[in-house]
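Working notes for the structure below.
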Amino acid sequence: MNSEEEFYDAVTGFDSDNSSGDFSEANHKAAEMLDLDPHQSNRTGKHNGEREIQENGIKRHRTSLPAPMFSRSDFSVWSILKKCIGLELSKITMPIVFNEPLSFLQRITEYMEHIYLINKACSHANPLERMQAVAAFAVSAVASQWERTGKPFNPLLGETYELTREDLGFRFISEQVSHHPPISAFYSEGLNKDFVFHGSIYPKLKFWGKSIEAEPRGTITLELLKHNEAYTWTNPTCCVHNVIIGKLWLEQYGTVEIVNHSTGDKCVLNFKPCGLFGKELHKVEGYIQDKNKKKLCVIYGKWTECLWCTDPTTYEAYKKNEKRGGEQKKLKPSEDVIKSENDEADDMPEVQETVQFIPGSKLLWRINCRPPNSSQMYNFTSFAVSLNELEKGMEAILAPTDCRLRPDIRNMEDGNMDLASKEKERLEEKQRAARKERAKDEVEWQTRWFHQGTNPYTGTPDWLYSGGYFDRNFSDCPDIY
């Protein structure tokens, strides 16, 4: 890879699709559009007042949104939801004030925030340690949802999102492949060709009077290429409480089974529901077993905090002692755990405890600290803050269907709520008109980057990446904005 390409990748966050490392003609044109001068930029650390470049050549990403979060205190969701009890909510139009300025495709991309766990799994020679790292990754993938009570924008049919992070070693592409039912397909790969991560998500939303439940459907697959292993699982159910009155709070519950299709090992994780007195709130407990169903280790923790593992004998002895009323050691900040900071709220359990440490346990994962101003930014993580970043020159490189170019999300991020609402209505009407036109002409929608197929490991229906996105031939992309 030559110096011009390295600088281009560092500034734009994009790289060539050529495995040989050749700087493609498409990227030459993109670099010209950005008017890149690597010598000048390396001296100044910035380019034309844009994002700062660190000494190691990696781009600094923004640390805050352009405008603070809009207050929802003067709005009542009851007038909208009271007619929807027990119904599927994907077809219900919600006021923009209940959104967050990200598309659901961008929310899916947050799976990659803790990609170091995939890298750790790739590096382990022991299959048990690989499963432990994969289990931690599966839990970390839902951790960013903690206190994120805003609804991401429903993707428009044909909408896409791409992200390449040279510093984290991956690139990611997703597409909204179906509108009714809403299905989002994604594909990610390691820049070192060490893993492939893909799947399709069909969130089923239902309103139950005081809460909204999101049941995930669709298979998630992680392939560790060096080890010739494939893992599959489905995410837990997410539920937002107090949607009518009181402070919103969120929980995850359900059983997640992670299967290693090469070794037959399985990890079973139980995301526990809150319970009557809130003692189980956010807790995750489970185990890893081999193909003969022998328990190899026990995993415990909270999806809002951290995850630990220990051997089954130690865990059972600890639990027996706990039932007898024995003393339990609670973790302190000095022991590498960040305490959960759940605020008290109406109808929300008063939970002050943190994960109880079992001596001899190994730390698998802990949640990242959020920015100090996160509460004014929809409770975004630092990773989430950067997802809708749009720098000068990027429009010439991105597909015209990329989320960053959606005017309703962009205006909401900028604090222009009235214009964002108008744009949202315009885009939805444009989508309806296009659907009617296709029906009139008896033309079926054609996806661009994914196709329907069968998951090679589970045998279930799935959406598979067709390839070619990073060749950057976007001439046949639809006009959806």
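The values are calculated or read from the model by the stated rules, or taken from the named source; none is laboratory data. Model, not experiment: these values are computed from the prediction. Cβ atoms come from the backbone with ideal geometry, glycine included; neighbour counts cover every protein chain shown. These accessible areas exclude ligands, DNA and RNA; they are computed on the full protein's heavy atoms, side chains included. Shrake-Rupley method; radii C 1.70, N 1.55, O 1.52, S 1.80 Å.
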- prompt: What do you reckon, how do S123, S421 stack up by accessible area (1.4 Å probe), largest on top?
  reply: S123, S421
query: Residues of segment 377-481: accessible area per residue at 1.4 Å, in Å²?
result: 50 Å²
message: Using a probe radius of 1.4 Å on heavy atoms only, what accessible surface per residue do you get for segment 134-175? Whole Å² is fine.
response: 16 Å²
Karplus (6.51, -1.76, 1.60) ³J(HN,Hα), θ = phi - 60°, over segment 112-121, in Hz, Gly and Pro reported as x: 8, 4, 9, 5, 4, 6, 5, 4, 5, 4
- prompt: When only DSSP loop residues count, what trypsin sites (Lys or Arg not before Pro) in segment 161-195 have their Cβ near at most 15 other Cβ atoms within 10 Å?
  reply: K193
- request: Calculate the dipole size of segment 186-251 relative to its Cα centre from +1 charges on Lys and Arg beta carbons and -1 charges on Asp and Glu beta carbons; express the result in debye to the nearest 20.
  value: 300 debye
- line: Computed about the Cα centre, the charge dipole of segment 412-463 from +1 Lys/Arg and -1 Asp/Glu charges at the Cβ has a magnitude in debye, to the nearest 20, of 200 debye
query: Tell me, what HN-Hα J-couplings in whole Hz come from the Karplus equation 6.51 cos²θ - 1.76 cosθ + 1.60 at θ = phi - 60° for each residue of segment 126-137, using x for Gly and Pro?
result: 8, x, 5, 5, 5, 5, 4, 5, 5, 4, 4, 5
field: Linear extension gain, N373 paired with A67, 0.36 nm per residue minus alpha-carbon span
entry: 109.0 nm
- prompt: From the phi of every residue in segment 270-281, what ³J(HN,Hα) in whole Hz does the Karplus formula 6.51 cos²θ - 1.76 cosθ + 1.60 yield, where θ is phi - 60° and glycine or proline is x?
  reply: 9, 7, 7, x, 4, x, 5, 10, x, 5, 9, 4
message: Quick check on my link table: of K206/K247; K295/K320; K59/K120; K392/K430, which ones sit more than 21 Å apart, alpha carbon to alpha carbon?
response: K59/K120; K392/K430
field: For peptides 355-365, 269-279, sequence by mean Cβ density within 10 Å, most packed first
entry: 355-365, 269-279
task: Heavy atoms only, probe 1.4 angstrom, no DNA, RNA or ligands counted: give me Y231, Y253 ranked by accessible area, highest first.
output: Y253, Y231
- prompt: What's the carbon and sulfur percent of segment 365-422's accessible surface, probe 1.4 angstrom, rounded to a whole number?
  reply: 48 percent
- prompt: When the dipole is taken about the Cα centre of segment 207-299, and only Lys, Arg (+1) and Asp, Glu (-1) are charged at their Cβ, what size is it in debye, to the nearest 20?
  reply: 240 debye
query: When the Cα centres of segment 251-275 and segment 463-480 are compared, how far apart do they sit, in Å?
result: 34 Å
message: Full-extension gain between A439 and Y481, please, as 0.36 nm times their residue separation minus the C-alpha to C-alpha distance.
response: 13.1 nm
- prompt: Got a number for carbon plus sulfur as a percent of segment 105-169's accessible area, 1.4 Å probe?
  reply: 51 percent
